[in-house]
Amino acid sequence: MSESGSIPRVYSRIAGTGSYLPAKVLTNDDLSKIVDTSDEWIAARTGIRQRHIAADGETTGDLAYHAAVRALQSAGVEPDELDLIVLGTTTPDLVFPSTACLLQHRLGANGCGAFDVNAACSGFLYAISVADKFIRTGDARTVLVVGSETLTRMVDWSERTTCVLFGDGAGAVVLKADAETGILSTHLHADGAKKELLWNPVGVSVGFKENEKNVGVRIQMAGSDVFKYAVKALDSVVEETLEANGLDRHDIDWLIPHQANLRIIEATAKRLDMPMERVIVTVDKHGNTSSGSVPLALDHAIRSGQVQRGQLLLLEAFGGGFTWGSALLRY
Ligand code: UT7
């Protein structure tokens, strides 16, 4: 209890970050040899210049492991100090056990809770929101949160409207309980009515067989519909976040958005009246890595020295489901 008699709030503060991209790079020019596209079209419509592709046999769990080791090192935390691992992914290694369990064992963090969260491209925002609740309620003090994907495993390489967009990658953060500051609020949303605009309609219960249109086990997307919905949903969650914290849009130091399309990022920045110099953009380097995208951008921003301790960061993402969400935090 504090002197005033109220229970002091506990915050989840980022103690360290890490990320990992597979070695193989596929440029827009490489893609133009596979499908009818061009570097000019892809760069102008999406901002993407290249993406990384996991090697044969390299899994979501492998990417997560490398990102997690880097995050633990930067936080100065040993794996056996972890109370919980929450991993956002829509491309798990196996149907079960969860990729979080595989990661837990490989890190040597045996015994702590570990589970996956599937919210497509919003996976990291959903995962960090859950982790924050564990810390705020006192059920955990040190939590590893990961976003990791091998999306290119379910890309149709003959479909130019989708194959140019996605890449593989992972990012991770270590959250620690802090008495002063950290995550201020998180906001999650979903609209399952829009599932068919962005999905991969196969699975254990539905079945993995290709359907009569021969389109199973592949990402399908109505690009421009998703684009319009994403811009509106992100506008609305950004407003909601500012309002919940009694903040003005000019109070935000850095926007760290989901890296799907530079034009969507620019639309959100415009809404925040934020110059692009204060927006972290990495989509050019790795395309849309789904759950990996926000923690990849965050790690880049911190390691490059752009984001400094004490600054106010707004993280947001939108993806299949639809799902979308935000996190406001003081770094
Ligand atoms: O992370 C989850 C959320 N996902 C997203 O946020 C993705 C949202 N959507 C988008 O980013 C954009 O809608 C795309 C990048 C997918 C597409 O951009 P667009 O400006 O909406 O283009 P469009 O789909 O309206 O297509 C315009 C034209 C079409 O040709 P016609 O019909 O005008 O002759 C397409 O066939 O561009 C053509 N096109 C391409 N041309 C060259 C589509 N894909 C390609 C391509 N290369 N790769």
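A few points about this structure:
- Members of the stretch 136-168 that are more than 15 Å from the chain's Cα centre (by Cα), within 16 Å of the ligand (Cβ to nearest atom) and among the hydroxyl-bearing types (Ser, Thr, Tyr): 152, 158, 161, 162
- In the stretch 285-300 there is no residue that is free of Cβ contacts under 8 Å to residues at least 40 places away in the same chain and assigned to a loop (DSSP other than H, G, I, E, B).
- Residues in the stretch 24-61 that are in contact with a Ser or Thr (Cβ under 6 Å, 6 or more places away or on another chain) and either among the β-branched types (Val, Ile, Thr) or more than 13 Å from the ligand (Cβ to nearest atom) (or both): 5 in all.
- Residue that is touching a residue at least 24 places away in the same chain (Cβ under 8 Å) and closer than 17 Å to residue 151 by Cα, where the choices are 42, 48: 48
- Residue match in the stretch 108-116 (condition: assigned by TED's automatic domain parsing to the domain that holds residue 66, surrounded by 22 or more Cβ atoms within 10 Å (Cβ to Cβ), touching a residue at least 12 places away in the same chain (Cβ under 8 Å) and under 29 Å from residue 242 (Cβ atoms)): no
- From 54, 71, 67, residue being farther than 26 Å from residue 279 by Cα, crowded, with 17+ Cβ neighbours inside 10 Å, at pLDDT 95 or above and touching a helix residue (DSSP H, G or I) at 6+ places or on another chain (Cβ under 9 Å): 54
- Of all residues in the stretch 223-263, those being surrounded by fewer than 19 Cβ atoms within 10 Å (Cβ to Cβ), assigned to a loop (DSSP other than H, G, I, E, B) and among the aliphatic types (A, V, I, L, M) number 1.
- So residue 130, is it assigned to a strand (DSSP E or B), assigned by TED's automatic domain parsing to the domain that holds residue 101, touching a residue at least 12 places away in the same chain (Cβ under 8 Å) and not small (Gly, Ala, Ser): no
- Residues of the stretch 114-135 that are away from the ligand (no atom under 16 Å from the Cβ) and out of contact with any Leu (no Cβ under 8 Å at 6 or more places or on another chain): 130, 133.
The values are calculated or read from the model by the stated rules, or taken from the named source; none is laboratory data. A quick note: this is a predicted structure, and the numbers were derived from the prediction, not measured. No Cβ is skipped: glycine too gets one built from the backbone with ideal geometry, and neighbour counts run over all protein chains shown.
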